[in-house]
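Below: one structure, written as structure tokens.
The values are calculated or read from the model by the stated rules, or taken from the named source; none is laboratory data. Everything numeric in this text was worked out from a predicted model, so none of it was measured. For neighbour counting, all protein chains shown are included, and Cβ atoms are generated from backbone atoms with ideal geometry for every residue, glycine included. Side chains are part of the model used for accessible areas, which takes the heavy atoms of the whole protein and leaves out ligands, DNA and RNA. Shrake-Rupley method; radii C 1.70, N 1.55, O 1.52, S 1.80 Å.
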Amino acid sequence: MIDVGPRPARIGRPPDTDPAETRRRIVDAARREFAQRGYAAATNRTIAALSGVTTGAVYHHYNSKVEVYRAVHADAHDRVYARFADAARGSTSFIDMFDAVLDMAAEINEQDPSLAAFIGAARVDRRRHRELAAVIADDRIRRGAFAAGLIEVGIANGEIAEACRAEVAAFVDVVLVGLNDAVSDDLHKQRQAITSIKSAMRGLIRMPNQRSEKLFDSDV
């Protein structure tokens, strides 16, 4: 379970309260609560207590628990993909960009494990609760769009054959989901997995159907 730490003093809603700061506190506390307990077990009352505000303050900013969840979901993905994009921006090859993204995933998880825990839990919660499926996007859409941008670079510079686009996209998708859901609760195992993934991209992965072409040209 995620250690949410000591509960802050309740701040209520004094006249000089910064609304943006209050929403930030609510979203951060809600992310930890949803990650630890799941959507069904979490309550706005508990989220209020963890964020140091009144329950009325939570409802002042969000009409329902679903609205809180939607805000947390958007915030978590925005934060993760912004840092992924920053990490990839300094490289000019698919291999180097994806290396940087993998390293950033570990860095994010080390700094705030509740992000990975929430994103993994959200995939389950979205399938279980229709009210969530109606208001939060399937994360495969954003993950696929991000991967497509990296793959375009690889195709443009000759690292990836155009015919391998779908296979590489599937590889990236499985890696990002698996790295998050399977090993994000153990930083050592996550680092080991990243090392193995990097090796795989440098020649261990081959095309299906007994074809001999590599997904990635390790000489590029």
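Go through the range 55-69 and count every residue that is in contact with a helix residue (DSSP H, G or I) (Cβ under 6 Å, 6 or more places away or on another chain) and open to solvent by 10 Å² or more (accessible area, probe 1.4 Å).
Here the count works out to 5.
What number of residues within the range 86-118 satisfy the criterion of being charged (D, E, K, R) and either in a loop (DSSP other than H, G, I, E, B) or over 19 Å from G178 (Cα atoms) (or both)?
Adding up the residues that qualify gives 4.
Could you list, in sequence order, the residues of the range 134-143 that are in a helix (DSSP H, G or I) and either open to solvent by less than 40 Å² (accessible area, probe 1.4 Å) or among the charged types (D, E, K, R) (or both)?
Once the filter is applied, which keeps residues that are in a helix (DSSP H, G or I) and either open to solvent by less than 40 Å² (accessible area, probe 1.4 Å) or among the charged types (D, E, K, R) (or both), the range 134-143 yields D139, R140, R142, R143.
Are any of the residues in the range 144-155 of a type in the set (F, W, Y) and touching a Phe, Trp or Tyr at 6+ places or on another chain (Cβ under 7 Å)?
yes
Which residues, counting only those in the range 108-136, are touching a residue at least 12 places away in the same chain (Cβ under 8 Å) and more than 12 Å from the chain's Cα centre (by Cα)?
Of everything in the range 108-136, those that are touching a residue at least 12 places away in the same chain (Cβ under 8 Å) and more than 12 Å from the chain's Cα centre (by Cα) turn out to be E110, V124, D125, R126, R128, H129, E131, L132, V135, I136.
If V72 satisfies every condition in (1) open to solvent by 20 Å² or more (accessible area, probe 1.4 Å); (2) β-branched (V, I, T); (3) more than 21 Å from A182 (Cα to Cα) but one, which is the exception?
(1)
Can you tell me which residue is farthest from I151 (Cα to Cα) among those in the range 172-197 that are over 14 Å from the mean Cα position of the chain (by Cα) and open to solvent by less than 30 Å² (accessible area, probe 1.4 Å)?
Q190
Against the definition (open to solvent by less than 10 Å² (accessible area, probe 1.4 Å), of a type in the set (F, W, Y) and either free of Cβ contacts under 8 Å to residues at least 40 places away in the same chain or out of contact with any His (no Cβ under 7 Å at 6 or more places or on another chain) (or both)), how does F84 come out, yes or no?
The answer is no for F84.
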